[in-house]
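The values are calculated or read from the model by the stated rules, or taken from the named source; none is laboratory data. All values derive from a computational prediction rather than experimental measurement. Positions of Cβ are generated from backbone atoms using ideal geometry, with glycine treated the same way; all protein chains shown enter the neighbour counts. Please note that ligands, DNA and RNA were not included when accessible areas were found on the heavy atoms of the full protein model with its side chains. Shrake-Rupley method; radii C 1.70, N 1.55, O 1.52, S 1.80 Å.
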Amino acid sequence: MKKTVLITGTSSGIGKAAVIYFSEKGWNVAATMRNPQKETKLNKLPNVRLYTLDVTDEASIKIAIDSAITDFGDIDVIVNNAGYGAVGIFEKATPEQIQKQFDTNVFGVMNVTRQILPYFRKKRSGTIINVTSMGGLITFPIYSVYHGTKWAIEGWSEALSYELKPLGIKVKTVEPSAIKTDFYDRSQDLFQNAAITDYDNYEQVTLSNSQKAGETAPGPEVVAKEIFNAATETNFSIHHPVGGQAPLLLLLRRILPLSWFMGIVRSVVEKGFKGSLS
Ligand SMILES: NC(=O)c1ccc[n+]([C@@H]2O[C@H](COP(=O)([O-])OP(=O)(O)OC[C@H]3O[C@@H](n4cnc5c(N)ncnc54)[C@H](OP(=O)(O)O)[C@@H]3O)[C@@H](O)[C@H]2O)c1
């Protein structure tokens with residue numbers, strides 16, 4: 001029987017590439033997004049159906065999961081991909097921006113997972129793949145709130161895997177490097193507060209260097225392939241760093257003293273910073 005995957009956040013980027021990849025591999029795909037009425041490509045692919053799903057809306061999650069099980073007869077894999085970057089100087093963030101970032105990147109992932117677990121538990125199988133980030137295991141300047149969400153999901157995923165393994169349910173994380181998607185463009189939520197000027201040079205330099213990393217990054221197809229590998233491997237291994245320097249950076253973070261590692265990050269992301277905050 002064909003396998004079925006449900007993926008969140010498939011209107012663009014990694015989610016969209018994953019839908020295309022799984023479909024090419026002959027899987028049934030429940031491609032979920034906030035506004036499926038706008039989609040013009042995925043609905044033409046074989047074995048792909050679109051569903052409305054906002055990860056902050058419990059009712060939409062339930063309807064999408066129930067509909068996909070009815071339409072395809074099963075769900076084997078859930079890919080928690082939906083997410084975005086709230087970026088900038090922490091002091092400039094509003095409580096609403098911070099809350100929304102956690103509502104989407106953390107509680108959204110937990111919402112979807114909680115709703116699929118009774119189904120996976122009953123059948124004693126299933127795979128949950130969380131698209132976190134290499135930024136869930138290491139950090140960069142001006143991404144403090146985003147890192148807070150991705151580190152949360154990394155820790156939660158590892159811990160969750162203990163209790164789900166005896167039930168035959170796998171938990172996996174995919175940690176992309178910088179990937180060229182709408183992440184650096186329309187999806188980005190930039191913290192702004194013109195009244196705070198002390199960080200101006202630091203913010204300009206680090207934001208510009210970070211955006212450059214996005215512009216020169218590989219496309220989302222490389223991540224789609226790694227998500228597929230995570231979905232099809234038979235073992236319970238958790239982490240899947242992918243793209244650009246992610247595997248190397250995560251290795252360096254493990255073997256170097258933290259101060260050395262942060263020095264490497266600074267030499268790249270703070271390049272051009274005058275060194276004075278005034
Ligand atoms: N690109 C990178 O460099 C990079 C690196 C590491 C990790 N990641 C992670 O990869 C994942 C996908 O990002 P991407 O790079 O593919 O960026 P993207 O092209 O901006 O895609 C983000 C997707 O998430 C969806 N989304 C946002 N909020 C949502 C919500 N409340 N409910 C449902 N869907 C929602 C967006 O839908 P709408 O069209 O409705 O906005 C969009 O489909 C994210 O979790 C991101 O943190 C990205």
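Semi-axis lengths, largest first, of the ellipsoid equivalent to the range 18-140 are 27, 17, 15 Å, with √(5λ) applied to each eigenvalue of the Cα gyration tensor.
A full extension of the chain between S267 and M1 corresponds to an added length of 90.6 nm, given 0.36 nm per residue minus the alpha carbon distance. How far is helix 246-255 tilted, in degrees, relative to the longest principal axis of the Cα atoms in the chain, given as a value from 0 to 90 rounded to the nearest 10? With both axes taken from Cα atoms, the answer is about 60 degrees. Residue by residue, the range 152-161 carries 3J(HN,Hα) couplings of 4, 6, 4, x, 4, 4, 4, 5, 4, 4 Hz when phi is fed to the Karplus relation 6.51 cos²θ - 1.76 cosθ + 1.60 (θ = phi - 60°); x denotes Gly or Pro. Given +1 at the Cβ of Lys and Arg, -1 at the Cβ of Asp and Glu and no other charges, the dipole of the chain around its Cα centre is 780 debye to the nearest 20. The mean sequence separation of alpha-carbon pairs under 8 Å and at least six residues apart, normalised by the residue count of the range 4-269, gives a relative contact order of 20 percent. In this simple spin-label model, placing a label point 7 Å from the Cα along the Cα-to-Cβ direction at both A194 and T70 gives a separation of 5.1 nm.
Ordering M33, M1 from largest to smallest accessible area (1.4 angstrom probe), what's the sequence? Before the final figure, lay out each step's value.
On the way: M33 5, M1 185 Å².
Descending accessible area places them as M1, M33.
Applying the Karplus relation 6.51 cos²θ - 1.76 cosθ + 1.60 with θ = phi - 60° to the range 31-40 yields 3J(HN,Hα) values of 8, 9, 7, 6, 10, x, 5, 8, 6, 10 Hz, where x marks Gly and Pro. In a fully extended conformation the segment linking L45 and K225 would gain 63.0 nm over its present Cα-Cα distance, using 0.36 nm per residue. If you average the alpha carbon positions of the range 171-217 and of the range 131-152, how far apart do those two centres end up, in angstrom? The two parts, judged by their Cα centres, are 12 Å apart.
Separation of the range 49-123 from the range 234-278 is 28 Å, based on Cα centroids. Cβ-Cβ distance of S259 and F90, R₀ of 25 Å, FRET efficiency by 1/(1 + (r/R0)^6): the value works out to about 0.75. Surface calculation, 1.4 Å probe, protein heavy atoms: F228 sits at approximately 30 Å² accessible. Angle of helix 200-215 to the longest C-alpha principal axis of the chain, folded into 0 to 90 degrees and rounded to 10: 40°.
In the elastic network of the chain, a GNM with C-alpha springs shorter than 10 Å, the most mobile of A231, A195, A17 is A195. Could you tell me which of the pairs K2/K150; K41/K225; K62/K165; K123/K180 are separated by over 28 angstrom between their Cα atoms in the structure shown? Those over the limit are K2/K150; K123/K180. Loop-located trypsin sites (Lys or Arg not before Pro) in the range 125-198 (DSSP state not H, G, I, E or B) with no more than 15 neighbouring Cβ atoms inside 10 Å: R186.
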